[in-house]
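A short reminder: the numbers here are calculations on the coordinates, not readings from a lab. Every value quoted in this text rests on a predicted model; they were computed, and no experiment measured them. No Cβ is skipped: glycine too gets one built from the backbone with ideal geometry, and neighbour counts run over all protein chains shown.
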Amino acid sequence: MTDTPNGPASNPRASDLDIATTAEAHEADAMPRAHAIHADPDARPTAEQQALPARMAEPAQKKSPAQWAYERLILYIKNFEEQLDDSQEIAMGFTGGQMGVLKIEGMGYFDPDIVTFYGSEPGGARTQLIQHVSQLNVMLRALPKPGEAEKPRRIGFRLARELQDDDTPHADTVEPAQTGDTA
């Protein structure tokens, strides 16, 4: 601390443990924040109320809007699936129209601003939704699993494993092609 003419400088409201460097303050300000309140005080914790996976601790400013939306959607999907029983699978209802339902079988993003959902309609037709992050509205729904399926398929748990990993590249991540001559 710097001394003043009246003695050592101090802040009566801050202890030594409360002091943060400017870099720490900026980092804390950049870290993702979330909040949720529910009418039922005994409601299961929602995605906003759970600890962030390791890969999401990076400040959002270092990610494209597509990656940031993709990672948060994973948390919501995983949390929703945790509340389903063995007779249900996750699906997505389209908001803002009468387009129907997409059973989520995969999800991806394309930097800087596209999120993609892969799946099928309840009748079995293959479906893909390509969505700009500025237009993103997702309604998660529980659908009965197909009668012939032994166990429900859980995409959220597979997606969430990726968020638990460190920064090692994933086999399904495609890096932009390098341009120029190679000799």
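Report ³J(HN,Hα) in whole Hz for each residue of region 117-128, in order, from the Karplus equation J = 6.51 cos²θ - 1.76 cosθ + 1.60 where θ = phi - 60°; Gly and Pro get x.
Each residue's phi maps through the Karplus curve to give 10, 10, x, 8, 7, x, x, x, 5, 4, 9, 9 Hz.
Whose amide H sits under 5 Å from the amide H of Asp113, counting only residues 5 or more places off or on another chain, with H placed in the peptide plane?
Ala66
Which whole-Hz ³J(HN,Hα) couplings does region 50-64 yield from phi under the Karplus relation 6.51 cos²θ - 1.76 cosθ + 1.60, θ = phi - 60°, glycine and proline marked x?
3J(HN,Hα) across region 50-64, in whole Hz: 9, 4, 6, x, 3, 5, 8, 6, 5, x, 4, 5, 8, 10, 6.
What FRET efficiency comes out for Leu136 versus Arg158 if R0 is 25 angstrom and r is the Cβ-Cβ distance? Round to the nearest 0.05.
Values: r = 21 Å, r/R0 = 0.83.
For R0 = 25 Å, the calculated efficiency reads 0.75.
As an exercise, find the ratio Rg/Rh for region 57-164 from alpha-carbon atoms, using the Kirkwood inverse-distance average for Rh.
Working: Rg = 14.0 Å, Rh = 14.4 Å.
Rg divided by Rh gives 0.97.
Under 5 Å between amide hydrogens, which residues at least 5 positions from Thr127 or on another chain qualify, with H placed 1.01 Å from N in the peptide plane?
Gly119, Ser120, Glu121
If I stretch the segment between His35 and Thr116 completely, what's the gain in nm (0.36 nm per residue apart, minus their alpha carbon distance), one decimal? Write down the numbers at each step before the final one.
Working: separation 81, 0.36 × 81 = 29.16 nm, distance 2.57 nm.
Once the chain is fully extended between His35 and Thr116, it gains 26.6 nm.
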